[in-house]
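**Q** First the structure, then my questions, so here it is.
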Amino acid sequence: MEQDTFIKYFSGTISPQEEVELLEWIDESEENRKEYLEQRQVWDMYILHQKPEDMAMNFDQLIEKRRPNPENKHPKPPVKGKIRLREFIKIAAIFLIAFGVGKFFVPSNNEVQYHTIEVPPGQRVKLTLSDGSQVWLNAQTKFTYPATFNEEKRVVMLDGEGLFDVVHDKKKSFIVQTLQHEIKVLGTSFNVYAYSNNPFFGTTLIGGSVQVTDQQNPGNIYQLSPGEQLFYNDFSKKLEIKKVETSEYTSWKDGIHYFNDISFAEMTERLSHFYNTKIIINDSSVLNYHCTGKFRQKESITEIMDVVKSDIPFTYIYDKENNELRIEKK
């Protein structure tokens, strides 16, 4: 199969006829399916290493750049510091195996092959799993998933934030495992916020149904309905199920920070993960405040703080070199 076809399929620019031909080709043999999965993994890593402005590139143009130039048999060499896609694919395959940014776990032939993606600060990545389920991963998220799911269940591991759109399969439950909780579904759309170094955990259901189990107390099982969120605060040891505006917990995939009457502590936790900035609160009085607002992810953390402090009485000191932001009394 031509590599251009894979590129158009992964980037969403493929024609209906080409898509039908590709899917039929994948089903023809296990070898074809294996090649598709390898191309899918390399594509995910290609997207992972793009700058935000490059990720917005029209991939039709990207494909066009890779085709021969009929008017020039000797095209100009690529600009220094940039890598053509075909060259990147070769390099990425070596980089994945040698350095483990997207780690390969290759057990014996009888075991499942797992991949791990780690999303850099300030970026987000979209994946399509082998069953067709789609996953968006937020900044500084670590996600482990099998190349193919087994016959009994579909299990993935998440440390961070992920937005899942799971293909329904009544015979195979889909399970998201986090450090403290397990989320089980058959087919639905939901968001999970579960950074292992964060005191907050949340599962927000957009559609369908989910079952959340406390890993430490397996007898504690919670069922959610659409529009509900299970939220746990490790500071207070308080767990609650509440109705929420789901767009607040899904807009991050569209490049928007959306805060709707959340605590100052929760807001700063979210921002610290996205911008990879340690936020130190030396003024405990700000913890009594709640925050509402929308910000584009392209805005810097200081630009966001400048807006927030216009409503909440505090000042801050930003140490860019050490990635630290200190909240002080006004």
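**Q** Of Ser263, Val286, Phe235, which is farthest on the positive side of the dipole of the stretch 220-318, counting Cα position, with +1 on Lys and Arg Cβ, -1 on Asp and Glu Cβ, and the Cα centre as origin?
**A** Working it through, the farthest residue towards the positive pole turns out to be Phe235.
**Q** Say each of Leu37 and Gln216 gets a label point 7 Å from the Cα, pointing the same way as Cα to Cβ; how far apart are those two points in nm?
**A** Spacing of the two 7 Å Cα→Cβ label points: 3.6 nm.
**Q** Please report the relative contact order for the stretch 231-330, taking Cα pairs under 8 Å with a sequence separation of at least 6, and give it as a percent rounded to a whole number.
**A** The value is 26 percent.
**Q** Also, I was wondering about something else. With a probe of 1.4 Å, find how much accessible area the stretch 218-286 has per residue, and write the answer as a whole number in Å².
**A** Working: 3210 Å² over 69 residues.
I get 47 Å² per residue for this part.
**Q** Measuring from label point to label point, each 7 Å out along Cα→Cβ, what is the Lys309 to Lys171 span in nm?
**A** 6.0
**Q** Roll a 1.4 angstrom probe over the protein heavy atoms and tell me the percent of accessible area of the stretch 194-278 that is carbon or sulfur. Present the calculation step by step, with values, prior to reporting the outcome.
**A** Values: 1650 of 3720 Å².
Summing carbon and sulfur atoms, their accessible area is 44 percent of the total for the stretch 194-278.
**Q** Another question, then. Ordered by residue, what ³J(HN,Hα) values in Hz, to whole numbers, does the stretch 184-197 give under the Karplus form 6.51 cos²θ - 1.76 cosθ + 1.60, where θ = phi - 60° and Gly and Pro are x?
**A** 10, 9, 9, x, 5, 10, 7, 10, 10, 10, 8, 6, 5, 9
**Q** In whole Å, what is the distance between the alpha-carbon centres of the stretch 13-28 and the stretch 271-295?
**A** If we compute the Cα centre of each part, the gap is 47 Å.
**Q** Can you sort Met157, Met1, Met305 by solvent-accessible area, 1.4 Å probe, largest first?
**A** Values: Met157 60, Met1 85, Met305 0 Å².
Heavy-atom accessible area, descending, gives Met1, Met157, Met305.
The values are calculated or read from the model by the stated rules, or taken from the named source; none is laboratory data. These numbers were taken from a predicted model, which means no experiment stands behind them. Methodologically, a virtual Cβ is constructed for each residue, glycine included, from the backbone with ideal geometry; neighbour enumeration extends over all protein chains shown. Just so you know, the surface numbers come from the protein's heavy atoms only, side chains and all, with ligands and any DNA or RNA stripped out. Shrake-Rupley method; radii C 1.70, N 1.55, O 1.52, S 1.80 Å.
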